[in-house]
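First the structure, in the form of structure tokens, and then the observations on it.
Every number here is computed from the coordinates shown, using simple stated rules; none is lab data. Computed from a predicted model, the values in this text were never measured in an experiment. Cβ atoms come from the backbone with ideal geometry, glycine included; neighbour counts cover every protein chain shown.
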Amino acid sequence: MLARRVIPCLDVDKGRVVKGTKFLNLTDEGDPAELAERYAHEGADEIVLLDITAAHERRGTMLEVVRRTASRAFVPLTVGGGVRSVEEMRDVLRAGADKVSFNTAAVAEPPLLTACAVRFGSQAVVCAIDARRLPRADGSEQRWEVVTHGGRRATDLDAVEWATRAVALGAGELLVTSMDRDGTRSGFDTELLAAIASRVRVPVIASGGAAGPADFVTAVRDGKADAVLAASIFHRRMFSIADVKAAMAAAGLPVRHIEEQVT
Amino acid sequence: MSVAIRVAVLDYGAANMVSITKALAAVGADVVVAAEPSAMANVDAIVVPGVGAAGSAMDHLRERGLLEPIRDWIRNGLPCLGICLGFQILFASSDEGGGVETLGVLEGRTVALQDAPTLPHIGWNSVEAARPHPLFDGVVDGSYFYFVHSFAPEPADEGVVVARTTHGRTFASAVAKGSLFGLQFHPEKSSEAGLRVLSNFVGLVAARAAEAA
């Protein structure tokens, strides 16, 4: 049976891992390749590198980060942030990434998902969806809207509809972030996850709101997520990947325990 | 080993070369990237990586003049490791893309994964030993490895199967026949367990080289 994945996410700015609140007050947290290697040793099932560099000079720097990370962390590598064309995706894959994640670029130009899936296969195309709860009128179903540009810009897209459309266009995986929960440590939005996971057949990665191991369990059990992503709780060493996997295993979820693999 | 084992990773434009070359280097191999047959000279082993479709992989190998050199290499009993698509094309044919003739150094045919709950089969899945084999020395039976594929070979000779994995149906996830090895999973993306398998492969090549010397 396929293991449920635990994925640390590294925000990268100008080649360094940073942390901050809503892209502000960024502090240097170290070298991406070094951190990724450490997480791989600690049992990360995959690494996500998210390029949050605002400027245009990013490309060369980020490709070098991808190359160095793929050279040291021998687990699947997903890279997101600022990839806007088939050619750019090709360069990122050649640098050692296994998948590329599209967010704002996919909303702006949906056929990009198809073009990349045709060229590299759906397994390499991830559509990242940032979603925010809409006010609910009495008796109506909860809905979420898609937001772009790191949560700064609203769209008129319904998140569940956009998810099904992204899959139809060629996305092989969805990375679903709740903007309401992101950075709040109040748990994943399991209603949002379940609403999307019940409508698509591709894996859903839960993101936004992890406070502790119990949240990873509910994201999979109630949110029907195949994988769970978090940043700050790992970076700040509040919990280790092993802590999270122990809680998932105790709840009966299949996970890969790294210490049991090699003697 | 006193002298590093030299491994040529075949580059035919169909694989992520960074991970496999760095992973082999991490387990002590001296790695060269071989985009043409001449680069296969003076190496101890070859690795055939690959993602993508069987038909275009065969076309690319043919264009680069690598097809016959690979066949000759394997028929001469020299060490070879096929990974993912590079494993599938070791067999006689593949059903992918309406059917394509492949290398044919192992008997059998690559077929679509039927009854799979999800396709492609992508993620970490457990690999169960069919028989003890030095390729998996130090790896606990049932360990998880990383898979990305929609097709899998059906070896005609069950005797070559070293390990199996289940996703819908059960398929051969590792085979060995003499110095020829094939893995459906990606050892270069499978963390410690994957590096151990690559290290075992390099060790087997070294033992063979020492025997020949």
Please compute, for the alpha-carbon atoms of chain A, the extent along each of the three principal axes and give them in descending order in Å. 54, 44, 39
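Tally Lys and Arg at +1 and Asp and Glu at -1 over the other residues with C-beta under 14 Å from the C-beta of B:Arg164: what net charge comes out?
Numbers: positive: B:Arg131, B:Arg169; negative: B:Glu128, B:Asp141, B:Glu154, B:Glu158.
With Lys, Arg at +1 and Asp, Glu at -1, the net is -2.
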Of every Cα-Cα pair in region B:6-212, the percent that sits beyond 33 Å: 5
Work out from phi, with θ = phi - 60° and the Karplus expression 6.51 cos²θ - 1.76 cosθ + 1.60, the ³J(HN,Hα) of each residue of region B:86-98, listed in order in whole Hz, and give x for Gly and Pro. x, 7, 4, 6, 5, 7, 6, 7, 10, 7, 5, x, x
Find the centroid of the Cα atoms in region A:77-144 and in region B:1-77, then give the distance between the two in whole Å. 33
Sorted by chain and then number, the residues having a modelled amide H within less than 5 Å of the amide H of A:Trp144, at least 5 places away or on another chain, are A:Leu134, A:Ala159, A:Val160
Cut-off 10 angstrom, C-alpha nodes, Gaussian network model of chain B. Which of B:Ser143, B:Ser38, B:Ser179 fluctuates the most? B:Ser38
Over chain B, with a Gaussian network built from C-alpha contacts below 10 Å, which listed residue (B:Val111, B:Val18, B:Val47) shows the highest mean-square fluctuation? B:Val18
Tell me which residues come under 5 Å, amide H to amide H, from B:Leu78 once H is placed; ignore anything under 5 positions away on its chain. none
Whole-number value, in Å³ per residue, for the convex hull of the alpha carbons of region A:157-263 is 111
Helix runs (DSSP H) in chain B reaching 30 Å along axis by Cα, Kyte-Doolittle at least -1.0: B:191-212
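To the nearest µm²/s, what D does Stokes-Einstein give for the protein assembly as shown at 10 °C and 1.306 mPa s, using the Kirkwood radius over alpha carbon pairs as Rh?
Rounded to a whole number, D works out at 70 µm²/s.
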Taking Cα pairs under 8 Å and at least six residues apart, what relative contact order does chain A come out at, in percent? 17
Expected vector for region A:110-119, Karplus 3J(HN,Hα) from phi with 6.51, -1.76, 1.60 and θ = phi - 60°, integer Hz, x for Gly and Pro, equals x, x, 4, 4, 5, 4, 6, 5, 5, 6
Each residue of region B:28-37 in order: what ³J(HN,Hα) in whole Hz does its phi give by Karplus 6.51 cos²θ - 1.76 cosθ + 1.60, θ = phi - 60°, with x for Gly and Pro? x, 7, 9, 9, 10, 9, 10, 9, 8, x
Counting DSSP beta bridges in chain B, what percent are antiparallel, to the nearest 5? 60
Compactness of region A:1-143 as Cα Rg over 2.2 N^0.38 Å, two decimals: 1.13
When the Kirkwood radius is taken over all Cα pairs of region B:102-184, what Stokes-Einstein diffusion coefficient follows at 10 °C and 1.306 mPa s, in µm²/s? 121
What is chain B's relative contact order, in percent, from Cα pairs under 8 angstrom and six or more apart in sequence? 20
In this structure, the FRET efficiency calculated for A:Asp138 and A:Leu253 from their beta-carbon separation, with R0 = 30 Å, to the nearest 0.05, is 0.25
Mind checking A:114-124 for the average number of partner chain beta-carbons within 10 Å of each residue's beta-carbon? 2
What residues have an amide H closer than 5 Å to that of B:Ile83, excluding those fewer than 5 places away on the same chain, when H is modeled at 1.01 Å from N in the peptide plane? B:Val48, B:Leu183
Looking only at A:Arg181, A:Arg221, A:Arg236, which one moves most when chain A is put into a Gaussian network model with springs between Cα atoms under 10 Å? A:Arg236
Within straight-line cross-link reach of B:Lys189, lysines at Cα separation under 27 Å, skipping those fewer than 8 residues along the same chain: A:Lys14, A:Lys19, A:Lys99, A:Lys224, A:Lys245, B:Lys22, B:Lys177
Taking the simple approach of a point 7 Å from Cα along Cα-to-Cβ for both A:Ser198 and A:Leu26, what is their distance in nm? 3.9
Net charge near B:Leu66, counting Lys/Arg +1 and Asp/Glu -1 over other residues with Cβ under 13 Å of its Cβ? -3
